[in-house]
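The values are calculated or read from the model by the stated rules, or taken from the named source; none is laboratory data. These numbers were taken from a predicted model, which means no experiment stands behind them. Cβ placement follows ideal geometry from the backbone for every residue including glycine, while neighbour counts extend to all protein chains displayed.
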Protein chains: 2
Amino acid sequence: MYEDLLNHIEKYIRLNDAERQLLVSVMRYEKVPKKGFLLKSGKVCSSRFFVLSGCLRQYIIKENEVEQIIQFGLPGWWICDHHSFENNQPSEYCVQATEVSEVAILDAAIQEDLFSKIPSLERYFRLIFQRAYDASLTRIGLEYCMSGEERYHQFAKNFPDFVQRVPQYMLASFLGLTPEFISIIRAKKGK
Amino acid sequence: MYEDLLNHIEKYIRLNDAERQLLVSVMRYEKVPKKGFLLKSGKVCSSRFFVLSGCLRQYIIKENEVEQIIQFGLPGWWICDHHSFENNQPSEYCVQATEVSEVAILDAAIQEDLFSKIPSLERYFRLIFQRAYDASLTRIGLEYCMSGEERYHQFAKNFPDFVQRVPQYMLASFLGLTPEFISIIRAKKGK
DNA sequence: TGAATTTCTTAAAGTAGTTCAATTTTTTGC
DNA sequence: GCAAAAAATTGAACTACTTTAAGAAATTCA
């Protein structure tokens, strides 16, 4: 059930049998229906979600009620509002499944105990967050260096299957564009 | 000399005297003149820089030779190209001092040894990167939710002293705007 | 101190992307 | 399998921001 999670972790650190077993015993499994919520804004984000299958989206709601997607969570990715999680404060984010999804859940309540029993998990998450932070800075750079149209093309080139997988308006939101503009881009290319 | 660094670390983890001493003994100190470089693109980023005083800027160079600033490093902030650092690969970034600055340097060559001797440093960096990642996602969200003008006003409100501290064209680059446009915004407000 | 360089401002013309509104296409659920 | 809902497209009017260019102000350093 947690095969993919264990494999992911063991790409970064080594676990012995006891540790593997402990980890599996404290994780929770959840199957989320399409449009099901794992986090709603105003609530505390009391869990980290590791995506086993499906796809999540993390978004905030702008003043005008419009949803701004911050990131997608595909299998092998952790999704969490870290600030809310660590400080037990209400979150600004919503996390919703864009399709039927399965997640492995690590609850805040048990995190510290788990880390103290498997200290190398600190290293695992250090490496995970370091990578994610790095990717996030790269993204900021690209955002400012490329036009909206270029961003779309690059994304479509890098993740051709994913572009098919989520509705176009979600992709538009994620890329900071309007669905109408993506339509225009696509019409251009079709010609 | 490394007071601020130790204080920073001890906000997140506890160090004993031996650990403090070890840490201090392996850090390097460097004073960087205004416009001095700590990293140039094409080179491997073989150090993490903790800003003790002054201010750094991290930027990439776009096709058109224009510099795009990704982030500033103020005292208490770590600056590094994590990907280059961990994988020993050439960096895309430049890191330059915008004013006379002092940094504490942690070299890649000694990181693993240091972490094995002070394992709680993994936790320290896990927490640091978690925070930085979180901040970076928040920034992406704001970028898409606010107009350029709003972004400038919010930034100027949150960091009034910093706006005075760096040339306006650097601020413009960081905010993804042109210096001309910031001039217009300021002229408006002046009225 | 004063000449050279860097930074900031102003204004006019141009453009990438938005907004709005109406229509078509695709997907969903009973 | 069909009605209803959700998503995508089209086009016209609009706007936030850029580009270019030239002059003014501020900063640097010999």
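Please state which one of B:Val95, B:Val100 is within 16 Å of DNA strand D (Cβ to nearest atom) and in the same structural domain as B:Gln71 (by TED's automatic domain parsing). Before you say what the answer is, go through the steps one by one.
Details: B:Val95 fails: within 16 Å of DNA strand D (Cβ to nearest atom).
Result of the check over B:Val95, B:Val100: B:Val100.
Screening the stretch B:159-191 for residues that are more than 14 Å from chain A (Cβ to nearest Cβ) and assigned to a loop (DSSP other than H, G, I, E, B) and picking the one that is farthest from DNA strand D (Cβ to nearest atom) gives B:Phe159. When you check A:Phe129 against the structure, is it under 26 Å from B:Gln58 (Cβ atoms), more than 16 Å from DNA strand C (Cβ to nearest atom) and not hydroxyl-bearing (Ser, Thr, Tyr), yes or no? Spelling it out, A:Phe129 is indeed under 26 Å from B:Gln58 (Cβ atoms), more than 16 Å from DNA strand C (Cβ to nearest atom) and not hydroxyl-bearing (Ser, Thr, Tyr).
With respect to A:Lys31, is the statement that it is under 19 Å from the mean Cα position of the chain (by Cα) and at positive phi true? Step through it out loud before you land on a result.
Numbers: under 19 Å from the mean Cα position of the chain (by Cα): yes; at positive phi: no.
In short, no.
Looking only at the stretch A:165-182, residues that are more than 22 Å from B:Ser173 (Cα to Cα) and within 9 Å of DNA strand C (Cβ to nearest atom) come to 7 in all.
To keep it simple, each residue is scored yes or no on (1) away from every other protein chain (no Cβ under 14 Å); (2) modelled with pLDDT under 95.
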site: A:Lys34; (1), (2): yes, yes
site: A:Cys45; (1), (2): no, no
site: A:Arg48; (1), (2): no, no
site: A:Ile61; (1), (2): no, yes
site: A:Glu65; (1), (2): no, yes
site: A:Ile69; (1), (2): no, no
site: A:Ile79; (1), (2): no, no
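Just one of the numbered conditions (1) more than 13 Å from every other protein chain (Cβ to nearest Cβ); (2) in a helix (DSSP H, G or I); (3) away from DNA strand D (no atom under 16 Å from the Cβ) is not true of B:Tyr152: (3).
This table checks each residue for (1) at pLDDT 95 or above; (2) crowded, with 17+ Cβ neighbours inside 10 Å; (3) in contact with a Cys (Cβ under 6 Å, 6 or more places away or on another chain).
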| site | (1), (2), (3) |
| --- | --- |
| B:Tyr144 | no, yes, no |
| B:Asn158 | no, no, no |
| B:Arg165 | no, no, no |
| B:Ala172 | yes, yes, no |
| B:Leu177 | yes, yes, no |
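Quick test for you: out of A:Ser84, A:Ser136, pick the one residue that is facing another protein chain (nearest Cβ under 7 Å) and crowded, with 18+ Cβ neighbours inside 10 Å.
Checking each option against the conditions leaves just A:Ser136.
Taking the criterion of being away from DNA strand C (no atom under 11 Å from the Cβ) and surrounded by 15 or more Cβ atoms within 10 Å (Cβ to Cβ), the residues of the stretch A:146-156 that qualify are A:Phe155, A:Ala156. Those residues that are within 11 Å of the chain's Cα centre (by Cα) and within 14 Å of another protein chain (Cβ to nearest Cβ), I need them from the stretch B:87-113; list them, please. Within the stretch B:87-113, just B:Val95 meets the criteria. When we screen B:Asp134, B:Asp113 for residues that are in the same structural domain as B:Val26 (by TED's automatic domain parsing) and either in a loop (DSSP other than H, G, I, E, B) or closer than 27 Å to A:Leu171 by Cα (or both), the only hit is B:Asp134. Out of everything in the stretch A:40-60 that is out of contact with any Asp or Glu (no Cβ under 6 Å at 6 or more places or on another chain) and farther than 20 Å from A:Val26 by Cβ, what residue ends up being surrounded by the fewest Cβ atoms within 10 Å (Cβ to Cβ)? That would be A:Gly42. Scanning the stretch B:1-21 for residues that are among the hydrophobic types (A, V, I, L, M, F, W, C) and under 20 Å from the mean Cα position of the chain (by Cα), we see that the one that is surrounded by the most Cβ atoms within 10 Å (Cβ to Cβ) is B:Ile9.
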